[in-house]
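Asker: Let me give you the structure first, and then I'll get to my questions.
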Amino acid sequence: MFAPCSLGQWPSPLEPHPGLARASGLQTLWLKREDRSGGNKMRGLEFLLAGAPPRSVFVTIGGTGSSHCLATARASRQLGHRTGLALFPQPETDASRRISDAISDTSPLVMRASSLVTLPWTVMRVWRAAHRLGAGTPRWIPGGGADPRAVLGHLLAALELGTQLDSPPDAIVVPLGTGGTAAGIALGVAWLGWSTEVIAVRVAPRIVANRWRTLRLARNAAALLRRSGIEFNVPRAAIRVRVVDAAGAGYGHPTPEGARARAIAAHHGVELEPTYGAKAFSIFLRRPDVNVQRAVFWHTFAWPRP
Ligand SMILES: Cc1ncc(COP(=O)(O)O)c(C=O)c1O
């Protein structure tokens, strides 16, 4: 029933960073380099795009600098499919500008809403235009790829981590956007029987980025596995996520704490961007709010390459 397609090169490396650990007040820090295989979204897309007939058209939404939209467009093209994208405005940063340019170069159908209010109208226009783009009825992918099938890809990433570490870390820190990544990690941690805290750092509005939605995605993914005959029995209480807020003025708005985290990481040779990575990393600088010693940081953002 689950036959994911292949988009990334796994396992993604797990790198220890002693210098950055010291600078962040940690005993040990590892980076899970999801960025090295096209970014975290590739994990989910391996399941979301699997099995689609040739020349399918996928429609999805995101901000103008959405790595989810870019990853969907790139992966679709790689597999001979097309994408239609409806984008909403977000603050311009170095990263969002580069993603936005790469989206324009990759996707044959991109429409930009003037605001969130007009987004539904833009989605409808993209959906209509998508019918003329490829074969069959377009397929909808929710914003951020937040779907239980995609969670399975992130679950595999967490199981991969289980093979890369000798003992469980105190915490895994991951940016929280639409929840699929954190859901998969939480599910993996539960399956491994680890007591590790999954710290999901909220960088998007509460309505999309919240604990309830993340846990629901995780439980639905577990149910999906069980329905397909896989004995995936983890106690409900073992699936845990702690949400920490670092959104600041809102999605895509850089924060001073994020800028500080970005500068510290850059000093140690780690490149973060302001929307996800920098905000998520900034929580290490927020003691005693986040008091951990051995942490894994989920490095999710892949800078677009030409
Ligand atoms: C670079 C990056 N990191 C983290 C996330 C958050 O992942 P999720 O939406 O699964 O919570 C996203 C979501 O778009 C992302 O693009």
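Since every read-out is calculated from the coordinates, none of them should be taken as a lab result. What you see is a predicted model, and the numbers here were worked out from it, not measured in a lab. For neighbour counting, all protein chains shown are included, and Cβ atoms are generated from backbone atoms with ideal geometry for every residue, glycine included.
Asker: Compactness ratio of the range 55-134: Cα Rg over 2.2 N^0.38 Å, N = residue count?
Answerer: Relative to the 2.2 N^0.38 Å estimate, the range 55-134 comes out at 1.01.
Asker: Take each of the peptides 162-168, 11-17, average the number of other beta-carbon atoms within 10 Å over its residues, and list them starting from the highest.
Answerer: Result, highest mean Cβ count within 10 Å first: 11-17, 162-168.
Asker: Just going by the charge dipole of the chain, with Lys and Arg at +1 and Asp and Glu at -1 on Cβ, which of S115, L14, A278 is farthest out on the positive end?
Answerer: S115
Asker: While we're here: Using alpha carbons only, how many degrees (0 to 90, rounded to 10) separate the axis of helix 119-130 from the longest principal axis of the chain?
Answerer: 60
Asker: Follow-up. Using only the Cα atoms, what convex hull volume per residue in Å³ does the range 4-91 have?
Answerer: 104
Asker: Stokes-Einstein at 20 °C, 1.002 mPa s, Kirkwood radius from Cα pairs: D for the range 166-300 in µm² s⁻¹?
Answerer: The estimated diffusion coefficient comes to 140 µm²/s.
Asker: Taking H placed 1.01 Å from N in the peptide plane, check which residues at least 5 places from V244 or on another chain put their amide H under 5 Å from its amide H.
Answerer: The list, which skips near neighbours in sequence, is A200, V201, R202.
Asker: Taking other Cβ within 10 Å of each residue's Cβ, how do S6, S104 sort, fewest first?
Answerer: In order of increasing Cβ crowding within 10 Å: S6, S104.
Asker: Per DSSP H run of at least 4 residues, take -39500 (n - 2.57); add these up for the chain, divide by its residues and hand me the 222 nm value, nearest 500 deg cm²/dmol. Could you put the intermediate results ahead of the total?
Answerer: On the way: 10 runs with 115 residues, N = 306.
Calculated at 222 nm, the ellipticity per residue is -11500 deg cm²/dmol.
Asker: Here's something else I'd like to know. Just want to confirm a number: the relative contact order over the chain, from Cα pairs under 8 angstrom separated by 6+ residues, in percent.
Answerer: Once normalised by length, the contact order is 21 percent.
Asker: OK, next. Can you give the angle from 0 to 90° between the axis of helix 94-106 and the longest principal axis of the chain, with both taken from C-alpha atoms, to the nearest 10?
Answerer: Rounded to the nearest ten degrees, it is 30.
Asker: Under 14 Å from the Cβ of R294, count the other residues' Cβ atoms, weight Lys and Arg +1, Asp and Glu -1, and hand me the total.
Answerer: Numbers: positive: R22, K32; negative: D166, D170, E197.
Taking every other residue near R294 into account, the sum is -1.
Asker: Rg and Dmax of the chain, using alpha carbons, in Å: what are they?
Answerer: Spelled out, the Cα radius of gyration and Dmax of the chain are 18.5, 55 Å.
Asker: Follow-up question, since we're still on this one. Kindly express, to the nearest 10 degrees and within the range 0 to 90, the angle between helix 148-164's C-alpha long axis and the longest C-alpha principal axis of the chain.
Answerer: Taking Cα atoms only, the helix is inclined about 30 degrees.
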